[in-house]
Amino acid sequence: MSQPYRRWRCLNCGFIYDEAEGSPEDGLAPGTRWEDIPEDWYCPTCGTEKIDFEMIEIG
Amino acid sequence: MISTDLANTISDPRAYADGDKVDAAFAAIRATAPLEKAQPDNYDPFWVVSRHADIMEVERQPEFFHNGDRSTFLSPRESEAMVRALTGEPNLIRSLVSVDGKEHKDLRGIVFPHVTPRALKGMEEQIRVIAREFVDHMLSFDGECDFAMDVAFLYPLRVIMTVLGVPQEDEPFMLRLTQEMFSNADPELNRAQKEVTPEEGLQNLAAVVQDLENYFGEVTKKFRANPTEHVNSLIANGMIDGEYLNHRQMMGYYIIAATAGHDTTSNTTGGAMWALAERPDLLKKMQDDPGSIAGFVEESIRWVVPVKHFMRTATQDTEIGGRKIAKDDWLMLAYQSANRDESVFDRPFDFDPTRAPNKQIAFGYGAHVCLGQHLARMEMRILWEELFPRLKSIELSGKPERTISNFVCGPKHVPIRFSAN
């Protein structure tokens, strides 16, 4: 059974990445899992980097 | 309703210059009326959002709380009317902090990719060279200087002007106009060099903005003719939906980048030195563990709160912190208060660089979070990394003074005595 989609929040600015919606403007198709986002991706609102700043699972 | 005394205090530029007075007022508000309406003399009523969590809740919903529907900073009733008469808009300057929705996103997108942590890594060495220059400058004072005037106002200015592409010979002009703009209520730094009424202050402010627009008009011509990677060139050549920015968008962008881009960092740098000079053991701790400088920077941002508030306007009936907010209500996001919120910060009135995590909210939150935050952190970290190893001791040599202002401000004089290694 597939895992339910999760959401991640940028601790710096509150931007929410929802795996179900992806971030098409950044080239992340709907359904893109957090683990599958490239390590050089950064928060599209504030620039916080995935590898440098923790993002929290909120749901 | 918040008492008139408290309402007058949190809107009074002199209370922010005092420091303790405004902190005591906000502590009382957090304890007794954390989300209530205030109506200081000469102002329209507004909600005071004093708690950290409520500010985050407002900033998380930019569609319900607009920046640009009314004045973005606390403005007396008559001043706001005068601005509308002058510009047809509620704000004198149409900048990133006074626009919403698609316009805000589009404008922000012009500069954002160039100020991410990754983009800024390429500037680290260049900024370190500037930092060393200003450390040498400080040490040339032979043991005593006014750190605010002699270093803190100048180093972030050089950094941001380098990023923008402004020649060094124009730095004194940019510093003077920035201080005239943000320190409009302070007789030492404003254009009139005296106490002014709000109406006179607004007239002076309009004259400052006109001087800045005249300057930046030439900047546009220069960078359209020869585009570079400087931020001013990005603004001059930036396009939204295939069109250059309109006059007010472009001028607003230049002005906010050039003024807020250094004054906030200058205030924080000066306040950090003030905190350091009052705590004899702190310098050695930083020297023994340079990795702790990042925590020192973050705590100094929490401590100084260089932007005291921003205002928002509700776009519809809604609810925050259990209170019903009506459409068109005006709200003060009191960062000065939120960064002292006892429910978030243990011992909020202690300067503690070891806070982890440090949830300071001085850069704001959500879509309008400060565009230059990563540059600000980086340039302050580099300055302290360069300065601390060269100092043997540091202490205050007189009484520091804060600027008289209720908006963007911090220390204007930090007299120090130091010995170098």
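The values are calculated or read from the model by the stated rules, or taken from the named source; none is laboratory data. Predicted, not measured: the structure shown is a model, and the values here were computed from it. Glycine gets a Cβ as well: all are built from the backbone with ideal geometry, and neighbour counts include every protein chain shown. For accessibility, only protein heavy atoms count, side chains too; no ligands or nucleic acids. Shrake-Rupley method; radii C 1.70, N 1.55, O 1.52, S 1.80 Å.
Every residue in the stretch B:359-374 that is at the interface with another protein chain (Cβ under 10 Å from one of its Cβ atoms) and hydrophobic (A, V, I, L, M, F, W, C), please.
B:Phe363, B:Ala367, B:Val369, B:Cys370, B:Leu371
Is at least one residue of the stretch B:135-153 in contact (Cβ under 8 Å) with a residue 40 or more places away in the chain, of a type outside the set (Ser, Thr, Tyr), touching a Pro at 6+ places or on another chain (Cβ under 6 Å) and assigned to a helix (DSSP H, G or I)?
Checking the stretch B:135-153: at least one residue is in contact (Cβ under 8 Å) with a residue 40 or more places away in the chain, of a type outside the set (Ser, Thr, Tyr), touching a Pro at 6+ places or on another chain (Cβ under 6 Å) and assigned to a helix (DSSP H, G or I).
Considering each of B:Met239, B:Met250 in turn, give the residue that is open to solvent by 40 Å² or more (accessible area, probe 1.4 Å), of a type outside the set (D, E, K, R) and at pLDDT 95 or above.
B:Met239
Sort through B:Val305, B:Val414 and tell me the only one that's open to solvent by less than 40 Å² (accessible area, probe 1.4 Å), touching a strand residue (DSSP E or B) at 6+ places or on another chain (Cβ under 9 Å) and touching a residue at least 12 places away in the same chain (Cβ under 8 Å).
Exactly one residue qualifies, and that residue is B:Val414.
Can you tell me how many residues within the stretch B:103-125 are more than 16 Å from B:Thr228 (Cβ to Cβ) and more than 13 Å from every other protein chain (Cβ to nearest Cβ)?
Residues meeting the conditions: 4.
Hey, can you tell me all the residues within the stretch B:173-204 that are without any contact (Cβ under 8 Å) to a residue 12 or more places away in the chain and either within 13 Å of B:His262 (Cα to Cα) or of a type in the set (Lys, Arg) (or both)?
B:Arg176, B:Lys194
Report, by residue number, each residue of the stretch B:119-133 that is surrounded by fewer than 15 Cβ atoms within 10 Å (Cβ to Cβ) and more than 24 Å from B:Arg390 (Cβ to Cβ).
Once the filter is applied, which keeps residues that are surrounded by fewer than 15 Cβ atoms within 10 Å (Cβ to Cβ) and more than 24 Å from B:Arg390 (Cβ to Cβ), the stretch B:119-133 yields B:Lys121, B:Gly122.
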